[in-house]
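Every read-out reported here was derived from the displayed coordinates using simple, explicitly stated rules and does not represent laboratory data. Just so it is clear, the structure is predicted and the values come from calculations on it, not from any experiment. Cβ: placed from backbone, ideal geometry, glycine included. Neighbour counts: every protein chain shown.
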Amino acid sequence: MQEAPSTNPRPARSAEAARKLGPRALATRDRLLRATESLLGERSVMDLSVAEIARIAETSPATFYHYFTDVEAAVLMLAQQVSGELPEALARIEDEAREGSALDWARALANVFLDHWERHHAVLLIRNLAADKGDERFQDVRRMALSPVLGRLAERIEAARAAGRVDDGAHAQLAAAGLVAMLENLSAHFRGIKTFEASREAVVETCSRMILLSLGEAGSEAGR
């Protein structure tokens, strides 16, 4: 399992500094981040060195330090970047699913989480480990990624309660938080779930039907 970054590393370069980067500098920084992510898929963040990251990015350690104060600062920026993909994906499936059923939307949401974790498993695992250890920066990054999903689920649950499909005793925000936790955890641990002979399709269908249950639409939508 990956080690989480320490809770008090030096901060990443400021957003103001990032805005001053030109296209070539941004491309160099991106190569460094991609090299960092590649190495995180092979070993613990504690075992990464600036020299190795720079070598894979085909640049120098001095160049690395032009963009980041240390490895942990690079990991934080990487976590910020990949976590930003989830709200964008949510907006996309909202547009695509306007004419579909609730089941279509729930399946799309489950697939978004699985795809997200498949692409960035090591980075997201480190993000969550650091956040769970109390690192406020990584907590903020995780919150940025998951809050839009939680909010959209809560809106749908609240609408279902107003329509009489969900019991008044259900707390929309808590129910939504439970669904987000399910999606995060099943996606994060999908590799282990495979030992139960559970396919990706089984995970998607199970998650989507749990979402439908919370929306009070399981009976009418499950067969569509």
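Assuming charge only on the beta carbon of Lys and Arg (+1) and of Asp and Glu (-1), the dipole of the stretch 15-71 about its Cα centre is about 300 debye to the nearest 20.
Charge dipole (Cα centre; +1 on Lys/Arg Cβ, -1 on Asp/Glu Cβ; no other charges) of the chain amounts to roughly 540 debye.
If R0 is taken as 22 Å, the Cβ-Cβ distance between residue 95 and residue 144 corresponds to a FRET efficiency of 0.60.
Summary value for the chain: 23 percent relative contact order, contacts being C-alpha pairs under 8 angstrom separated by 6+ residues. Residue by residue, the stretch 101-113 carries 3J(HN,Hα) couplings of 8, 4, 5, 4, 5, 5, 5, 4, 5, 4, 5, 4, 5 Hz when phi is fed to the Karplus relation 6.51 cos²θ - 1.76 cosθ + 1.60 (θ = phi - 60°); x denotes Gly or Pro. Give me the net charge of residue 27's neighbourhood, meaning all other residues with Cβ under 14 Å from the Cβ of residue 27; Lys, Arg count +1, Asp, Glu -1. After counting each charged neighbour, the total is +2.
Taking semi-axes √(5λ) of the Cα gyration tensor in Å as calculated from this structure, the corresponding entry among (1) 34, 20, 15; (2) 25, 21, 18; (3) 37, 18, 16 is (3). Cβ crowding within 10 Å ranks 101, 199 as 199, 101, fewest other Cβ atoms first.
Between residue 58 and residue 196, take the C-beta separation as r, use R0 = 35 Å, and let me know the FRET efficiency to the nearest 0.05. E between residue 58 and residue 196, to the nearest 0.05, is 0.25. Sorting the segments 164-177, 73-86 by their mean number of nearby beta carbons within 10 angstrom, highest to lowest, gives 73-86, 164-177. A full extension of the chain between residue 133 and residue 51 corresponds to an added length of 26.8 nm, given 0.36 nm per residue minus the alpha carbon distance. Each Cα pair under 8 Å and six or more residues apart adds its sequence gap; the mean of these over the residue count of the stretch 15-71 is a relative contact order of 33 percent.
Extension gain, residue 174 to residue 159, is 3.9 nm, computed as 0.36 nm per intervening residue step minus the present C-alpha separation.
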